[in-house]
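*Asks:* Got a structure for you, written out below as structure tokens; questions coming shortly.
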Amino acid sequence: MKQPFAYIHPAAKIHPSVVIEPFVTIDQNVEIGEGTHIGSNVTIMEGARIGKNCNIFPGAVISGIPQDLKFKGEDTVAIIGDNTTIRECVTVNRGTASKGSTRVGNNCLIMAYSHVAHDCVVGNNVIISNSTQIAGEVQVDDFAVIGGGSLIHQFCHLGAHVMIQGGSRINKDIPPYVKAAREPISYVGVNSIGLRRRNFSNEAIREIQDIYRYLYLSRMNVSDALDAIEAELPATRERDEILLFIRNAKRGIIRGYV
């Protein structure tokens, strides 16, 4: 349902059930799925792919040109999954030739004034709190919760189920299942409350805590701690996920607290 004073390019592909409020601009090469609501003064630029039942609040800009001087106008996209809410004045830039797309998953909440830069990959059920600034090519895994006002350096990787303190400056990878806080950003424990809310068993949570005791409390270096975890702790999905994450951490992982 289009309201007066909205501009929609005739080549845009928009499901008839989409609600479009006044003063919205929707460019060509845009697709919007059924049940989505577009608030007033939203700008949706070329390359946007927006899923079903999303809510996009006033002032948001989706699929803007990347703020990357290497961008040369290549054909790229910004993909927003189903059931995702994008609050006021959020910006999600489209990809560059590096990856070709910026992706935000299903059931996410991106709060007001946050920025998701080019070629980022945001998983499902992620919460990004107000005024968080995410630089290019960052990966945020499923069920991560990022506190407001956080600054995330390019190429960082945030693991699944992490909980990050508001106002954090993140320049290292953050392994799955942990809480991260303090300055500089550090490991401060396992996100046990969040894991219980997502139906992790007490046994699984204890196993995750054991893994991070090796990593952060044993005084071993990271390489030795990983070898010890693999040799001494039983193989589980969570154990193997943590080992793989840390071994692939291009920027290294956050420090332990002192």
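Bear in mind that the values in this text are calculations on the coordinates, not laboratory data. On a predicted model such as this, the values are computed, not experimentally measured, just so you know. As a convention, Cβ positions derive from the backbone with ideal geometry for all residues, glycine included, and neighbour counts pool all protein chains shown.
*Asks:* Name all residues of segment 230-254 having a backbone nitrogen under 20 Å from the label point set 7 Å from the Cα of MET220 along its Cα→Cβ direction, giving them as ranges.
*Replies:* Residues passing the 20 Å test: 230-249, 252-254.
*Asks:* Also, I was wondering about something else. Tally Lys and Arg at +1 and Asp and Glu at -1 over the other residues with C-beta under 14 Å from the C-beta of GLN28: what net charge comes out?
*Replies:* -1
*Asks:* Another one. Would you calculate a helix-derived [θ] at 222 nm for the chain, using -39,500 (n - 2.57) for each DSSP H run of n ≥ 4 and dividing by the full residue count, to the nearest 500?
*Replies:* Only helices count here, giving -5000 deg cm²/dmol.
*Asks:* Choose one answer from ARG87, ARG247, ARG237: the residue with the largest mean-square fluctuation in a GNM of the chain with alpha-carbon springs under 10 Å.
*Replies:* Residue with maximal mean-square fluctuation among ARG87, ARG247, ARG237: ARG237.
*Asks:* What does DSSP give for segment 113-240 in terms of the percent of beta bridges that are antiparallel, rounded to the nearest 5?
*Replies:* Expressed as a percentage, antiparallel bridges in segment 113-240 total about 20.
*Asks:* What is the set of long-range amide H partners of THR102 at a cut-off below 5 Å, with H atoms built 1.01 Å from backbone N?
*Replies:* Correct list: VAL77, ALA78, ILE79, GLY95, ASP119.
*Asks:* Using θ = phi - 60° and the Karplus form 6.51 cos²θ - 1.76 cosθ + 1.60, what ³J(HN,Hα) does each residue of segment 83-89 get, whole Hz, x for Gly and Pro?
*Replies:* So the J values, rounded to whole Hz, are 6, 9, 10, 10, 7, 4, 6.
*Asks:* Same structure again: Any chance you could check the Cα centroid distance between segment 118-180 and segment 16-83 for me, in angstrom?
*Replies:* The two parts, judged by their Cα centres, are 22 Å apart.
*Asks:* Now, a different point. Under the rule of at least 5 residues apart or a separate chain, name every residue whose amide H is placed under 5 Å from the amide H of CYS54.
*Replies:* So CYS54 has HN proximity to THR36, HIS37, ASN83, THR84.
*Asks:* With an 8 Å cut-off on Cα pairs and a minimum separation of 6 or more residues, tell me the relative contact order of segment 1-119 in percent.
*Replies:* Relative contact order here is 18 percent.
*Asks:* Across segment 24-31, in residue order, what do the Karplus-derived ³J(HN,Hα) couplings come to in whole Hz, using 6.51 cos²θ - 1.76 cosθ + 1.60 with θ = phi - 60° and x for Gly and Pro?
*Replies:* Computed from phi, the couplings for segment 24-31 are 7, 10, 10, 7, 6, 6, 10, 10 Hz.
*Asks:* Sticking with this one: Note the full-extension length gain between THR236 and SER17 as 0.36 nm times their separation in residues minus their Cα-Cα distance, in nm to one decimal.
*Replies:* 74.4 nm
*Asks:* Here is a further query. Once phi is turned into ³J(HN,Hα) by the Karplus curve 6.51 cos²θ - 1.76 cosθ + 1.60 with θ = phi - 60°, what whole-Hz value does each residue of segment 179-186 show in order, with x for glycine and proline?
*Replies:* Coupling constants for segment 179-186: 9, 10, 7, 6, 9, x, 4, 9 Hz.
*Asks:* Rounded, prolate or oblate: which fits segment 118-258 when a ≥ b ≥ c are the square roots of the eigenvalues of the alpha-carbon gyration tensor, with rounded for a/c under 1.5 and prolate only if a/b beats b/c?
*Replies:* Taking the square roots of the gyration eigenvalues as a ≥ b ≥ c, segment 118-258 is prolate.
*Asks:* Which one of THR102, ALA181, PHE143 is farthest out on the positive end of the charge dipole of the chain, using unit charges on Cβ (Lys, Arg +1; Asp, Glu -1) and the Cα centre as origin?
*Replies:* The one lying farthest along the dipole's positive direction is ALA181.
*Asks:* Amide H to amide H under 5 Å from ARG255: which residues, 5+ apart in sequence or cross-chain, H placed 1.01 Å off N in plane?
*Replies:* Amide H neighbours of ARG255: TYR187.
*Asks:* If I build a Gaussian network model for the chain, linking alpha-carbon pairs within less than 10 angstrom, which residue out of ILE14, ILE50, ILE32 has the largest mean-square fluctuation?
*Replies:* Of ILE14, ILE50, ILE32, the most mobile in the Gaussian network model is ILE14.
*Asks:* Something else now. Where Rh denotes the Kirkwood radius from the mean inverse Cα pair distance, what is Rg over Rh for segment 68-134?
*Replies:* That ratio is 0.98, to two decimals.
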